[in-house]
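A.B. asks: There's a structure below that I have some questions on.
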Amino acid sequence: MNQVLHHLSGCHIQLVRESSGLNPAAEDAEDSGNLIVQLGANRHSVAQRIEANLNKRGSAAAQALLDDVQTATESERNLYAMLTPAELLSCGSSNSAAGPADVVSDFGLPVSLMRCLLEVPPLQAGLAEMLAELLVAIDKSDYPVCLQVNYTKLILSQFRYLPLAREAASRIEAILFDIIEASSLDAKRDTIALLPELFTQATDSLCEKLRSLLVSATELDDTSGSHGNASSTPLTPALFDCLTLLPLSESQLGEFRRLAMQLLASVRSCLSI
């Protein structure tokens, strides 16, 4: 754990230490572990103090801290430690074969260093973009990682019930749909499942993106024969589950019901040919 904080070096990790209430000059491993545990246990108040300290230092400080986090995540060991719930790290579970994926496999709410930083509004959009790039790189095997850890779920779990900053919400929405477009089927499903746990309001933009996904997921597949076939991809159930859980307005719900009926009619018509 000391290695993670070593890479988040200089005034920027001191800012995190100061915000946590720990000695900013301490460098021993025990204190480093305590920092992560305290960040997890008090992440809301710590996030508020980090934001206040960043505001005092100006916008350049937020970007500098993001740059430090980016550098740290270039090492899988650091990435793992920053994403892992503090309780596991404090118990020495980071070396276990199971890893944190078992803890967050059902999107259990983490209390990790990354989650704490995500709750700082000036850092939120930048960290979300960074995590999305990591997720897609790991998903495409461009970033080699331990196969025993499900990094897709571990990364996405950081966003679960995240209080979105107003200035970051639309950007994070776009980032998540970029993940859906660029990632594997499993990662697409996991990202779609996250949406109702992140967005407390179904905006017109969100509904339009889901509408397009639903149409593309149930579109006719004419490539397998002259008669044509209707294919419902494995994404369709995930999309319907998402729409069931999203807080849709009456008008939005009505639009999706009409769309579902139209798509169902198209599928039936194609199958009857």
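A.B. asks: For segment 130-159, how many residues meet the condition of being closer than 17 Å to residue 171 by Cα and of a type in the set (S, T, N, Q)?
C.D. replies: 1
A.B. asks: Six or more apart or on different chains, Cβ atoms under 9 Å: show the pairs whose first residue is in segment 65-81 and over 20 Å from residue 157 (Cα atoms) and whose second is aliphatic (A, V, I, L, M) and part of a loop (DSSP other than H, G, I, E, B).
C.D. replies: Sorted first by the residue in segment 65-81, then by its partner, the pairs are 65/8; 65/120; 68/8; 71/8.
A.B. asks: In this structure, does residue 161 turn out to be at pLDDT below 95 and within 15 Å of the chain's Cα centre (by Cα)?
C.D. replies: So residue 161 fits the description; yes.
A.B. asks: Could you grab the pairs with beta carbons closer than 9 Å, sequence gap of 6+ or different chains, first residue in segment 238-262 and assigned by TED's automatic domain parsing to the domain that holds residue 207, second one β-branched (Val, Ile, Thr) and at pLDDT 95 or above?
C.D. replies: 238/192; 239/192; 241/192; 242/192
A.B. asks: Also: Which is touching a Leu at 6+ places or on another chain (Cβ under 7 Å), at pLDDT 95 or above and in a helix (DSSP H, G or I), of 242, 207?
C.D. replies: 242
The values are calculated or read from the model by the stated rules, or taken from the named source; none is laboratory data. What you see is a predicted model; the values in this text were computed from it and never measured. Ideal geometry is used to build each Cβ from the backbone, glycine not excepted, and the neighbour counts take in all protein chains shown.
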